[in-house]
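Comments concern the structure below.
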Amino acid sequence: MEHLVVVLPSVPVAGGKVQLADKTLTGLRGFVDRWPGQVTAVGPAADADIAGNLGLQWYAPDALGLDVLHGNTVELVSHLKPDVLHLSLAVRERPLLDLGVPTVMFAENPALERLRYALPGSRLVNRPRMMAGAVRQELVQRDMVKRASALACNGWNAWRWYGRPARRVHEHEPILVFDSRLPLHRVEQARERIDDASDRAAPLRLGFSGRLHPAKGPNHAVAASRELDARGVRHTLTIFGTGPMEAELRRQAGPSVQFAGEVAFDPVWMDRVADEVDLMVLPHTQGDPSGTYLESAGMGVPILGFRNAALNGFAREAKFAWVTDERSGTALADVAERLSRDRPEIRRAALAGVTFAQEHAFEKAFDARVRQLVRVAEG
């Protein structure tokens, strides 16, 4: 029986239970359902996740449908002797490459992209050290890509950074996927539901979804809503999620904003986004490959946000997003106001998003990932 080991960044443990986010567990089960053998997840033990990540729940290990082990990951992988290892491209995982296990590297966010996010909030005196550290980290990550057996890239930015080097050195072709948890049948329902949204008299229904954290930019979405209020543009803004900025955002919010809190992705989030949102405002200030981009688009809801390494690709290649160069609520409000008067343009982007999501929905992405893992395990 072939054995796949998936390395997690951490496994929070307490009282004999493990804590996993819904998205993490869905992804692990995506491997289990497709892999022709045993799947084990491993990671270093950690305290409970208190960072506000969405969908966190505690599970008894025997209720998960797979083994989730915690401890020293090098020792665990050495003991398990898997046929193939699934590993995130993170410097902390480099010692695992010394074990000689066939490895598929999963790349998301280059070190220099994380630096681009961190620099604006840093002290000037610290910036040379930060830049030097990011360059060193990027060199390590590129070396890790070369040492792996194969590469899977989540999003265009990782593909642009690592796809070509991997193709030069790997026997197995790299793959490009867009990691989300949106099932194909939901995308097909969204296509059926999209109609000619040309009623200019109806309020424009905006949404924000994600952690209420500066990296996700919820303050800019709230500022855009206040600006639309000031201009007399009829709209609503529904905010899905919780996080450290919630109290501040509630103080800043105008009369058009409502807070939905944290809701279950399936079915509550999908149902509400499909029924209650015309345009998702996701002004992320960093270029991480957020699954919310594709999940929203696949529900027939296009994206408005800031120009960043991840959203640029969806705007340029998939045509379901609008990006602003200026990172402000005013810039977002300018586009939202224009779109409120051009509902056919929203419909066009909605159809483009659904078309793209049909090719990259959860099932298709995991089919491709497991096919690659099987090829690597078989040599």
(message) Rounded to two decimal places and with Rh computed the Kirkwood way over Cα pairs, what is Rg over Rh for the range 292-370?
(response) 1.02
(request) For volume of the Cα convex hull per residue in Å³, several values are listed as [x] 172; [y] 159; [z] 140; flag the one computed from this structure. (result) [z]
(message) Which order do the peptides 60-71, 161-172, 325-336 come out in when sorted by mean C-beta neighbours inside 10 angstrom, highest first?
(response) 325-336, 161-172, 60-71
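DSSP beta bridges in the chain, what fraction antiparallel, as a percent rounded to 5?
Numbers: 6 of 50 bridges.
For the chain, the DSSP antiparallel bridge percentage is about 10.
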(message) Spelling out what I want: for every residue of the range 340-355, take phi, set θ = phi - 60°, compute 6.51 cos²θ - 1.76 cosθ + 1.60 (Karplus), and round to whole Hz; glycine and proline get x.
(response) 5, 9, 9, 5, x, 5, 5, 4, 4, 5, 4, 5, 5, x, 5, 4
(request) List the residues whose amide H sits under 5 Å from the amide H of GLY217, counting only those 5 or more places along or on another chain, with H placed 1.01 Å from N in the peptide plane. (result) THR285
(message) Please enumerate, by chain and number, the lysines with C-alpha under 20 Å from the C-alpha of LYS17, excluding those fewer than 8 residues away in the same chain.
(response) none
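Largest first, what is the accessible-area ranking of TRP156, TRP322 with a 1.4 Å probe?
Values: TRP156 55, TRP322 30 Å².
Accessible-area ranking of TRP156, TRP322, largest first: TRP156, TRP322.
Mind putting a number on the dipole of the range 1-103 about its Cα centre? Charges go on the C-beta only, +1 for Lys and Arg and -1 for Asp and Glu, and I need it in Debye to the nearest 20.
With only Lys, Arg, Asp and Glu charged at Cβ, the dipole is about 140 debye.
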(request) Tell me the label-point distance for the pair ARG316, ASP98, using the 7 Å Cα-to-Cβ offset, in nm and rounded to one decimal. (result) 3.9
(request) Once you have the Cα-Cα distance between MET130 and GLU345, take 0.36 nm times their residue separation minus that, and quote the gain in nm to one decimal. (result) 73.2 nm
(message) Can you work out the Karplus-derived ³J(HN,Hα) for every residue in the range 68-83? Use 6.51 cos²θ - 1.76 cosθ + 1.60 with θ = phi - 60°, whole Hz, and x for glycine or proline.
(response) 10, 10, 10, x, 6, 5, 4, 5, 4, 5, 4, 6, 6, 6, x, 6
(request) Please report, in debye to the nearest 20, how large the charge dipole of the chain is about its Cα centre when each Lys and Arg carries +1 at its beta carbon and each Asp and Glu carries -1 there. (result) 1220
(request) Can you tell me how much longer the chain between SER78 and ARG231 gets when fully stretched, taken as 0.36 nm per residue apart minus their C-alpha distance, in nm with one decimal? (result) 48.9 nm
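Order these peptides, 15-22, 186-193, by their mean beta-carbon neighbour count within 10 angstrom, highest first.
On the way: 15-22: 15.6, 186-193: 17.4.
Ranking, from highest mean packing down: 186-193, 15-22.
How far, in nm, would the chain grow between LYS146 and ALA202 when pulled straight, counting 0.36 nm per residue and subtracting the alpha carbon separation? Intermediate values should be presented prior to the final figure.
Values: separation 56, 0.36 × 56 = 20.16 nm, distance 5.35 nm.
My answer for the length gained is 14.8 nm.
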(request) Could you check the simple spin-label distance between ALA264 and ALA48, using points 7 Å along Cα→Cβ, in nm with one decimal? (result) 2.1
(request) Please list, in chain and number order, the residues 5+ apart from TRP322 or on another chain whose amide H is under 5 Å from its amide H, with Hs placed from the backbone. (result) ILE303, LEU304, GLY305
(request) Provide the per residue accessible area, probe 1.4 Å, for the chain, rounded to a whole number of square angstrom. (result) 43
(message) Can you compute the FRET efficiency between HIS185 and GLN57 using 1/(1 + (r/R0)^6), with r the Cβ-Cβ distance and R0 = 25 Å? Round to the nearest 0.05.
(response) 0.55
(request) Go ahead and estimate [θ] at 222 nm for the chain from helices alone: -39,500 (n - 2.57) per DSSP H run with n ≥ 4, summed, over the residue count, rounded to 500. (result) -12000 deg cm²/dmol
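Set the bar at 27 Å for Cα to Cα. Now go through LYS146/LYS319; LYS319/LYS364; LYS23/LYS216 and name every pair that lies beyond it. Kindly include the intermediate steps, with their values, before the conclusion.
Details: LYS146/LYS319 33 Å; LYS319/LYS364 20 Å; LYS23/LYS216 18 Å.
LYS146/LYS319, as the Cα separations exceed 27 Å there.
The values are calculated or read from the model by the stated rules, or taken from the named source; none is laboratory data. Every value quoted in this text rests on a predicted model; they were computed, and no experiment measured them. Counting neighbours? That spans all protein chains shown, and the Cβs are built from the backbone with ideal geometry, glycine included. Only protein heavy atoms, including side chains, enter the accessible area calculation; ligands, DNA and RNA are left aside. Shrake-Rupley method; radii C 1.70, N 1.55, O 1.52, S 1.80 Å.
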